[in-house]
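Following: one structure in structure tokens, then a few remarks.
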Amino acid sequence: MNKRETVQALMDSIQKGDFETAKTMLADDFQFSGPVPEPINKEAWLEMCSILKIAFPDLNYHFKVIGAEGDVVKAISQLSGTHTGSFDLTNMHLGVIPATNKTFSAKHEKTKVTVKDNKVSAWLVEPTEGGGLTAILDQLGVALPTV
């Protein structure tokens with residue numbers, strides 16, 4: 001597989017909820033960063049993806065690879081889904097949000113994915129107004145605690 005195909009295969013696995021296959025595509029030192037306060041490792045990222053899939057069984061990433069240069073694959077995504085499952089945000093001190101049956105559609109987000117030795121080693125989402133978890137929570141009517 002070339003780098004573009006590796007990234008697409010990873011996203012296909014995440015989209016389907018096949019997190020075991022996804023885990024095999026990630027480097028041991030994988031880091032996800034952007035819409036999270038600090039970079040997270042592969043276990044935390046896969047857990048986050050699993051939590052989203054449980055809360056939004058119809059979650060669609062609308063993922064599209066748009067180019068590659070060297071080890072970096074550029075892509076865009078736009079998350080959308082319907083909140084029909086429990087949304088467990090206890091790790092963010094927000095508790096578990098019961099299903100609201102509301103839909104959400106976040107803005108397009110640009111992504112840079114680094115592939116080395118046929119494994120994804122880094123996933124960087126560029127900060128986007130109207131994207132990420134903040135947009136999802138806003139559209140569900142969930143208020144973030146003020147600091």
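The values are calculated or read from the model by the stated rules, or taken from the named source; none is laboratory data. Values in this document were obtained by computation on a predicted structure and should not be read as measured data. Note that we place each Cβ from the backbone using ideal geometry, even for glycine, and neighbour counts take in every protein chain shown. All accessible areas refer to the heavy atoms of the entire protein, side chains included, with ligands and DNA or RNA removed. Shrake-Rupley method; radii C 1.70, N 1.55, O 1.52, S 1.80 Å.
Given the conditions (1) more than 14 Å from Ile136 (Cα to Cα); (2) in contact with a helix residue (DSSP H, G or I) (Cβ under 6 Å, 6 or more places away or on another chain), which single one is not true for Pro35?
The failed condition is (1).
Can you tell me which of (1) touching a helix residue (DSSP H, G or I) at 6+ places or on another chain (Cβ under 8 Å); (2) under 16 Å from Leu140 (Cβ atoms); (3) buried (at least 18 other Cβ atoms within 10 Å of the Cβ) is the one Phe56 doesn't meet?
(1) is the only condition that Phe56 fails.
Filter the range 122-136 for residues that are in contact with a Leu (Cβ under 8 Å, 6 or more places away or on another chain) and modelled with pLDDT of 90 or more and give the result.
Matches in the range 122-136: Ile136 only.
Residues in the range 108-131: is at least one on the phi > 0 side of the Ramachandran plot and surrounded by 15 or more Cβ atoms within 10 Å (Cβ to Cβ)?
no
Which ones in the range 82-101 are out of contact with any Ser or Thr (no Cβ under 7 Å at 6 or more places or on another chain) and not aliphatic (A, V, I, L, M)?
Passing the criteria: Thr84, Gly85, Ser86, Phe87, Asp88, Thr90, Asn91, His93, Gly95, Thr100.
I need every pair where a residue in the range 128-141 that is in contact (Cβ under 8 Å) with a residue 12 or more places away in the chain has its Cβ under 6 Å from the Cβ of a residue that is of a type in the set (Val, Ile, Thr) and assigned to a loop (DSSP other than H, G, I, E, B), sequence separation at least 6 or different chains.
Pairs found: Leu140/Thr100.
When you check Thr134 against the structure, is it part of a helix (DSSP H, G or I), surrounded by 14 or more Cβ atoms within 10 Å (Cβ to Cβ) and hydroxyl-bearing (Ser, Thr, Tyr), yes or no?
Against the criterion (part of a helix (DSSP H, G or I), surrounded by 14 or more Cβ atoms within 10 Å (Cβ to Cβ) and hydroxyl-bearing (Ser, Thr, Tyr)), Thr134 qualifies.
Mind listing whichever residues of the range 108-127 are in a loop (DSSP other than H, G, I, E, B) and within 17 Å of the chain's Cα centre (by Cα)?
Correct list: His108, Glu126, Pro127.
Against the conditions (1) touching a residue at least 40 places away in the same chain (Cβ under 8 Å); (2) open to solvent by less than 70 Å² (accessible area, probe 1.4 Å); (3) over 22 Å from Phe63 (Cα atoms), where does Leu89 fall short? Just the number, please.
Condition (1) is where Leu89 drops out.
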